[in-house]
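The values are calculated or read from the model by the stated rules, or taken from the named source; none is laboratory data. Just so it is clear, the model here is predicted, and its values are computed rather than measured. In this analysis, Cβ positions are derived from the backbone assuming ideal geometry, glycine residues included, and neighbour counts consider all displayed protein chains. Note: accessible area is taken over every heavy atom of the protein model, side chains too, but ligands, DNA and RNA are not part of it. Shrake-Rupley method; radii C 1.70, N 1.55, O 1.52, S 1.80 Å.
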Amino acid sequence: MTRRYRHSFEEDHDDVMVYRPESFEFPPARGRRELEVDPDGSIREFRIGRGDAPEAVAGTRLEVAVLDQDVLEVRTGPHGCRGAHPAARLAVIERLDVAAARRDPAIEALLAELSGDEYRALLTEITTPRSRHSLGAGFRAAVATAAGRLDALGYTVARAPIAVGTGTSTNLIADRAGTGPVGDRGVVLVTAHLDSVNHEDGLDGAAPGADDNASGSAGVLEMGRVLSGRTWRNDLRLILFGGEEQGLFGSREYVAGLDAAERSRIRAVVNMDMIARRNTPSAGVLLEGASVSQALIDALATAAATYTGLTVTSSLNPFASDHVPFIEAGVPAVLTIEADDSANTDVHSARDTLATLDADLALEILRMNVAAIAGELDR
């Protein structure tokens, strides 16, 4: 069986990177890399994939050598070593083969309310602005559109200003109260980032951000529509973050603003970032969290096995999306992201358009998320 590893590092300019598994803390959003290792330990492939840094080179094939059991040397250029990168721990991505549970008719009825037509309409609506840069007019227009939809569904909607560098952006927060006793209710969060960015062409470039991350934002809105039709014991909170592409500003500021009591009420956070690009022959999803997220990963994997045909992989090394600040604060959070997302080299460019998406894949991921979230809302 091929083992997949992912890791990230802070710089891309050196020709040789050495990775030591024993010590590493994931840096803020930077390039995501992937390599494949055969059962005997030999390297099959290493490539730069989803580059969060402007200087990352998408799709580059690299020469990799195993120096010893714990150290890899990765050569990216013809001139040898001209410096040293920080050491990095390899993060194993494992395939999860989880047994399906007995199907719940109430959950099946809820999942039947998910609509491909509604989801595609949301994708079109969100990608209408030329760009949704966190500080731009297009982002503000997308926030207004999403707020109008959530308000019409009966959510209590608020806009929270956030700092993004020297500018101001917005987190859009929508709440729906549960029916349990006020002092005994938890809150379940469904999140995504609404902003987009174009690293290739800069601020003046088109940034449709269809997969990254209109796909996840539309998922939040579609889940919000479906979940609003039922009553739940716990509170439901939907958040569309700003400032993710500049360094998780929205989610970091949100988590930093939670007092201890409110933080302890959070039962689960399901974050969606890039859920609609088909990168693998079979429809797949990666569940990325940490040890604090293990129960939620298990619930999502069981929901996938029970109600979808998704191939599920998992990683306990979170980075580069809005689940990270929650995990750092000890809150169970999981990123749900399309399988082999590093193969999508169109993100952060004008090429990340609706034409590249597979809405059916996104709907399968939404089925998994709705089934798992419904369990958390009534727990």
**Prompt:** Given region 309-348, what whole percent of its Cα pairs are spread farther than 17 Å?
**Reply:** 39
**Request:** Among 133, 143, 121, flag the residue with its Cα farthest along the positive direction of the charge dipole of region 104-154, charges on Cβ as +1 for Lys/Arg and -1 for Asp/Glu.
**Result:** 133
**Request:** Report, in whole Å, the centroid distance computed from the Cα atoms of region 150-166 and region 196-267.
**Result:** 10
**Prompt:** In Å, what Rg and Dmax follow from the Cα atoms of region 138-188?
**Reply:** 14.0, 42
**Complete:** Accessible-area order for 280, 168, 306, largest to smallest, probe 1.4 angstrom, reads 168, 280, 306
**Request:** Take the Cα gyration tensor of region 91-236, multiply each eigenvalue by 5, square-root it, and list the three semi-axes largest first, rounded to whole angstrom.
**Result:** 30, 20, 16
**Fill in**
So, with points 7 Å from each Cα along the Cβ direction, the residue 378-residue 124 label distance in nm works out to 3.4
**Fill in**
Note: residue 168 to residue 100 extended length (0.36 nm per residue) minus current alpha-carbon separation gives 19.9 nm
**Fill in**
Rg/Rh over Cα atoms for region 201-240, Kirkwood Rh, comes to 1.21
**Fill in**
Against the 2.2 N^0.38 Å rule of thumb, the C-alpha Rg of region 235-379 sits at a ratio of 1.03
**Prompt:** In bins 5 Å wide, starting from 0, what share of all Cα pairs of region 177-301 does each bin hold, as a percent?
**Reply:** 2, 9, 15, 20, 21, 16, 9, 5, 2, 1, 0
**Prompt:** Which log10 I(q)/I(0) values, to two decimals, does region 322-371 give at q = 0.21, 0.26 Å⁻¹ under the Debye formula with one point per Cα?
**Reply:** -0.94, -1.04
